[in-house]
Structure formats: structure tokens, C-alpha cells
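Inspection log for the structure reproduced underneath, given as C-alpha cells.
The values are calculated or read from the model by the stated rules, or taken from the named source; none is laboratory data. Everything numeric here is computed off the predicted structure, so don't read it as measured data. Here the Cβ positions follow ideal geometry from the backbone for every residue, glycine too, while neighbour counts run over all protein chains shown.
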Amino acid sequence: MKHSILTGMAALPAIDGLPITANNGEFWIGKLTTATCPSYDPDCPSRNTTIISGPTYAQTWWMGVLEEGGQRIFTPTNGQPGYSAADSDNYTPARVSYSYTLQTANTTDGRFLLKYYTRNWAAFPTEDDGVWAVYAQSAGPQGASTCLPFAWELRETTAPAPQYYNCEGCESRCNNIYGTGCK
């Protein structure tokens with residue numbers, strides 16, 4: 001599998017089949033994707049789609065983008081997966097995990113599931129109606145008891161990649177978690 005549209009397949013009807021979207025450095029259910037199209041195709045078909053590619057060396061996954069250097073997907077210690085800014089040289093702090101495993105689901109239709117180590121994912125409701133934050137299933141906001149566990153399904157696509165996914169606030173979020181030194 002080279003490029004994949006990310007789709008969350010949930011255990012509960014509230015989010016079943018809704019796409020997982022890349023929005024300003026984090027992954028969400030119910031938010032629009034913050035993709036920037038290439039200048040030659042300002043209305044690219046992928047502007048509302050989240051595409052990833054991988055795995056590469058050491059189970060590393062990347063945002064499916066045209067931008068030179070790419071955008072690495074990672075999970076910091078707070079458990080909320082994110083991705084590096086397009087101009088960051090993929091620098092992220094040392095205390096993050098790149099370990100994702102791709103597992104074929106135990107189904108007859110041969111679905112592919114992205115797992116964090118051996119764990120699934122959980123969607124946590126936000127203050128915005130219908131918007132859910134994505135976390136590793138064992139993590140999440142303090143006191144959140146209304147999480148919805150789900151499997152992160154990857155589906156192959158032939159959609160062209162956008163130029164990059166916006167990452168507004170990535171540096172400040174990184175610094176809040178790890179201290180200064182993020183870029």
C-alpha cells in the first residue's frame with residue numbers, strides 16, 4: 001500500500017465510517033482537512049482528503065504530500081498523533097514515537113488497520129459539536145470518560161497528493177509539551 005486515505009472505522013455509530021482528517025498538525029474526526037493544493041492545481045481533488053504513505057524504515061509513516069522532505073507522522077507523550085510542519089526538516093523532539101504497525105484485519109474483505117504499537121485508537125469529544133480528537137487508545141485528555149474506541153482503517157487511493165498539510169500552531173504545541181527547541 002503506497003498512499004492511503006485515512007478512515008476511522010468506529011465501534012459505535014456516532015463516528016462509524018467518518019474520515020480521519022489532518023488539521024493543523026493533529027488528527028481529528030469531524031474537522032475539515034487543512035491541505036494546501038499545489039499552485040498549478042488550486043482546487044486539487046485532495047484538498048478535502050487526508051493521505052498518508054508508508055511504512056518506511058522503522059515503521060515510519062508520512063503525510064502523502066508533494067512538498068520536498070515530506071511531513072512525518074508521530075505520536076508525542078500525550079498520545080495525540082500529529083505530523084511535522086512542511087518546512088521543519090521533519091524535526092520533532094526525541095520523546096516521540098514513530099512506531100506504527102500496519103495489520104491486516106481479521107476480516108474477509110482484507111482491510112488494513114493502522115495500530116499504535118498493538119493498540120487501537122480512541123476518539124474524544126471536543127467542545128465543538130460533532131468534532132472528536134484522535135488519541136492512542138491508552139491515552140487521552142484527563143478525566144475524559146466519553147471516548148469512543150475505533151480502528152483506524154487505511155484505504156488505497158489514486159487521488160493526487162496535495163502540496164502539504166498546514167500545521168498552524170505546531171511549534172507552540174510542541175514547545176508546550178517538550179519545552180523549547182521545537183521548530
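Between SER46, SER53, the distinction of being in a strand (DSSP E or B), polar (S, T, N, Q) and in contact with a strand residue (DSSP E or B) (Cβ under 7 Å, 6 or more places away or on another chain) belongs to SER53 only. Being more than 18 Å from TYR135 (Cβ to Cβ) and at pLDDT 85 or above is the filter here, so list the residues in segment 71-97 that pass it. If the condition is that a residue be more than 18 Å from TYR135 (Cβ to Cβ) and at pLDDT 85 or above, then GLN71 is the only one that fits. Take ARG119 and decide whether it is modelled with pLDDT under 80 and surrounded by 15 or more Cβ atoms within 10 Å (Cβ to Cβ). No.
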